[in-house]
Amino acid sequence: MIVMKVEPGKSIGNLSIGMSKLNVEKLTKKSSPIYFRVDYDSNDQVQYIQLASGIKDLYICEYRNIDLFNTKVKDLVTILDKISPYDRNDSELGYSYVFSEIGLSLWRPRNITEEDFEEEWFKEMSLENQEDERKYLFFESLGVFQVL
């Protein structure tokens, strides 16, 4: 599988913070933009790049040899917190983690832990729903932004 490098505060793959909208369009013309979301500033320069986890079927998304979409949330947050403390005052903590010092954000739609799998409410779910819930042990999107 191909490795896509994530450089917090700088880039995801070939897309870079500060890149022009025209260059982004040229780069994403041949590849599927469905996995990417790019926000621009008033000068049409990239200010934020978001990547959806669906891309993990095509690429390993790596930062410092860490697979960002296939490492469990609790493990990944512990590793990244040693590099850059996350914002502990984030109102969406558990769902969202922002590492402002390096320019990286991570998000998942549900805050679930492995301990939840032992709870009665979880055991009462169908096996199909339990399997669906297990995917929330991992992040579903990541973003890079410029460190100010």
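The values are calculated or read from the model by the stated rules, or taken from the named source; none is laboratory data. All figures in this text were calculated on a predicted structure; none of them were measured in a lab. Please note: Cβ atoms are built from the backbone with ideal geometry, for glycine as well, and neighbour counts cover all protein chains shown.
Do you know which residues across the range 24-54 are at pLDDT 95 or above and over 11 Å from Gly143 (Cβ atoms)?
Tyr40, Asp41, Ser42, Asn43, Asp44, Gln45, Val46
Inspect all residues belonging to the range 98-109 and state whether any of them is over 22 Å from Met4 (Cβ atoms) and touching a Leu at 6+ places or on another chain (Cβ under 7 Å).
No, because not a single residue in the range 98-109 is over 22 Å from Met4 (Cβ atoms) and touching a Leu at 6+ places or on another chain (Cβ under 7 Å).
Between a residue in the range 3-27 that is more than 13 Å from Leu51 (Cβ to Cβ) and any residue that is among the aromatic types (Phe, Trp, Tyr), which pairs come within a Cβ distance under 8 Å, given they are 6 or more apart or on different chains?
Val3/Tyr59; Gly9/Phe145; Ile17/Tyr48; Ile17/Phe145; Lys21/Tyr40
Residues Val3, Val24: which one is more than 27 Å from Leu80 (Cα to Cα) and not hydroxyl-bearing (Ser, Thr, Tyr)? Spell out how you get there, then give the answer.
Details: Val3 fails: more than 27 Å from Leu80 (Cα to Cα).
Sole residue among the options that is more than 27 Å from Leu80 (Cα to Cα) and not hydroxyl-bearing (Ser, Thr, Tyr): Val24.
Determine, yes or no, whether Gly143 is on the phi > 0 side of the Ramachandran plot and at pLDDT 95 or above.
On the way: on the phi > 0 side of the Ramachandran plot: no; at pLDDT 95 or above: yes.
So Gly143 does not fit the description; no.
How do the pairs read when you match residues in the range 45-59 that are under 13 Å from Val24 (Cβ atoms) and touching a residue at least 12 places away in the same chain (Cβ under 8 Å) with residues anywhere that are among the aliphatic types (A, V, I, L, M) and part of a helix (DSSP H, G or I), using Cβ under 7 Å and keeping only pairs 6 or more apart or on different chains?
Final answer for the pair search is Val46/Val24.
For every residue, the table says whether it meets (1) in a helix (DSSP H, G or I); (2) among the aliphatic types (A, V, I, L, M); (3) out of contact with any Asp or Glu (no Cβ under 9 Å at 6 or more places or on another chain); (4) surrounded by 14 or more Cβ atoms within 10 Å (Cβ to Cβ).
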{"position": "Leu27", "(1), (2), (3), (4)": "yes, yes, yes, yes"}
{"position": "Arg37", "(1), (2), (3), (4)": "no, no, yes, no"}
{"position": "Ser42", "(1), (2), (3), (4)": "no, no, yes, no"}
{"position": "Ile49", "(1), (2), (3), (4)": "no, yes, no, yes"}
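Tell me, yes or no, whether the range 3-10 has at least one residue that is modelled with pLDDT under 95, under 14 Å from Val144 (Cβ atoms) and surrounded by 14 or more Cβ atoms within 10 Å (Cβ to Cβ).
Here is the first cut: in the range 3-10, the residues modelled with pLDDT under 95 are 3-4.
Now drop any that are not under 14 Å from Val144 (Cβ atoms), which leaves 4.
Then keep just the ones that are surrounded by 14 or more Cβ atoms within 10 Å (Cβ to Cβ); that gives 4.
The answer is yes; a qualifying residue exists.
What number of residues within the range 15-53 satisfy the criterion of being closer than 22 Å to Trp107 by Cα and touching a helix residue (DSSP H, G or I) at 6+ places or on another chain (Cβ under 7 Å)?
Here the count works out to 8.
Looking at (1) under 17 Å from Val6 (Cα atoms); (2) crowded, with 17+ Cβ neighbours inside 10 Å, which is the one condition that is false for Asp81?
Here Asp81 clears every test but (2).
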